[in-house]
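S.K.: Below is a structure I'd like to ask you about.
The values are calculated or read from the model by the stated rules, or taken from the named source; none is laboratory data. All figures in this text were calculated on a predicted structure; none of them were measured in a lab. A quick note on method: Cβ atoms are made from the backbone with ideal geometry, for glycine too, and the neighbour counts reach across all protein chains shown.
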């Protein structure tokens with residue numbers, strides 16, 4: 001079982017800005033509450049390790065989970081959000097839809113194409129990700145990870161604070177066993 005957690009709500013989520021690989025974006029008070037709610041969900045699960053994107057909003061979410069579970073956090077650039085280049089820090093209105101419907105080899109100037117994001121995430125998942133690992137990351141990165149793990153892509157981006165449980169098996173044939181949105185109530 002793997003547990004995928006989207007970072008808690010950030011200040012840029014509230015402002016409606018594209019975050020991408022901008023590293024310094026902090027959580028809001030609601031985002032910290034979502035992280036605590038995710039930690040409570042995970043406290044009832046057989047968690048053995050926590051791996052997080054090295055971006056602040058994910059690291060801060062992972063730190064809350066780690067404190068509750070008594071585990072260390074390992075960070076990796078492999079779980080960073082898709083880079084949106086020159087679009088980062090600008091309004092997300094309309095741009096998210098453009099990115100979702102874009103050619104997988106296209107990106108805004110200085111950005112990362114969807115195909116490159118998928119290759120990065122696939123390389124990470126093909127490495128040794130032990131059973132019982134929590135992966136704390138970002139919307140597009142987790143949507144991509146879920147598509148790779150299950151071999152399907154419904155295009156859905158997990159909400160902030162959500163915990164998605166993914167059952168075992170080889171990459172490409174795993175199943176989503178549940179979505180816990182306790183963090184959304186925070």
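S.K.: Here are 162, 107, 145: which of them is in contact (Cβ under 8 Å) with a residue 24 or more places away in the chain, buried (at least 19 other Cβ atoms within 10 Å of the Cβ) and more than 25 Å from residue 27 (Cβ to Cβ)?
M.R.: Checking each option against the conditions leaves just 107.
S.K.: Among the candidates 47, 129, 59, 73, single out the residue that is in contact with a strand residue (DSSP E or B) (Cβ under 9 Å, 6 or more places away or on another chain), surrounded by 14 or more Cβ atoms within 10 Å (Cβ to Cβ) and more than 24 Å from residue 31 (Cβ to Cβ).
M.R.: Of 47, 129, 59, 73, the one residue that is in contact with a strand residue (DSSP E or B) (Cβ under 9 Å, 6 or more places away or on another chain), surrounded by 14 or more Cβ atoms within 10 Å (Cβ to Cβ) and more than 24 Å from residue 31 (Cβ to Cβ) is 129.
S.K.: Taking region 68-80, which residues are farther than 14 Å from residue 8 by Cβ, touching a residue at least 24 places away in the same chain (Cβ under 8 Å) and outside any strand (DSSP E or B)?
M.R.: Those that are farther than 14 Å from residue 8 by Cβ, touching a residue at least 24 places away in the same chain (Cβ under 8 Å) and outside any strand (DSSP E or B): 69, 71, 77, 78, 79, 80.
S.K.: Does residue 94 fit the bill of being within 19 Å of residue 54 (Cβ to Cβ) and over 16 Å from the mean Cα position of the chain (by Cα)?
M.R.: It is false that residue 94 is within 19 Å of residue 54 (Cβ to Cβ) and over 16 Å from the mean Cα position of the chain (by Cα).
S.K.: Only one of these is under 28 Å from residue 34 (Cα atoms), within 13 Å of the chain's Cα centre (by Cα) and not in a strand (DSSP E or B): 129, 121, 134. Name it.
M.R.: Only one candidate passes the filter, namely 121.
S.K.: Is it true that some residue in region 46-66 is in a loop (DSSP other than H, G, I, E, B) and closer than 23 Å to residue 119 by Cβ? Working first, answer last.
M.R.: Step one: filter region 46-66 for residues in a loop (DSSP other than H, G, I, E, B), giving 46-48, 54-55.
Those still in the list that are closer than 23 Å to residue 119 by Cβ too: 54-55.
Scanning region 46-66 turns up at least one residue that is in a loop (DSSP other than H, G, I, E, B) and closer than 23 Å to residue 119 by Cβ.
S.K.: Touching a residue at least 12 places away in the same chain (Cβ under 8 Å), in a loop (DSSP other than H, G, I, E, B) and within 16 Å of the chain's Cα centre (by Cα): does that describe residue 156?
M.R.: Judged against the criteria, residue 156 is a match.
S.K.: Given the conditions (1) surrounded by 13 or more Cβ atoms within 10 Å (Cβ to Cβ); (2) farther than 19 Å from residue 157 by Cα; (3) modelled with pLDDT of 95 or more, which single one is not true for residue 12?
M.R.: (2)
S.K.: Return the only residue of 57, 45 being in contact (Cβ under 8 Å) with a residue 12 or more places away in the chain and farther than 24 Å from residue 97 by Cβ.
M.R.: Within the list 57, 45, the selection yields 45.
S.K.: Would you mind stating whether residue 67 is modelled with pLDDT of 95 or more, surrounded by fewer than 17 Cβ atoms within 10 Å (Cβ to Cβ), farther than 18 Å from residue 1 by Cα and out of contact with any helix residue (DSSP H, G or I) (no Cβ under 8 Å at 6 or more places or on another chain)? Step through it out loud before you land on a result.
M.R.: Details: modelled with pLDDT of 95 or more: yes; surrounded by fewer than 17 Cβ atoms within 10 Å (Cβ to Cβ): yes; farther than 18 Å from residue 1 by Cα: yes; out of contact with any helix residue (DSSP H, G or I) (no Cβ under 8 Å at 6 or more places or on another chain): no.
No; evaluated as a whole, the condition is false for this residue.
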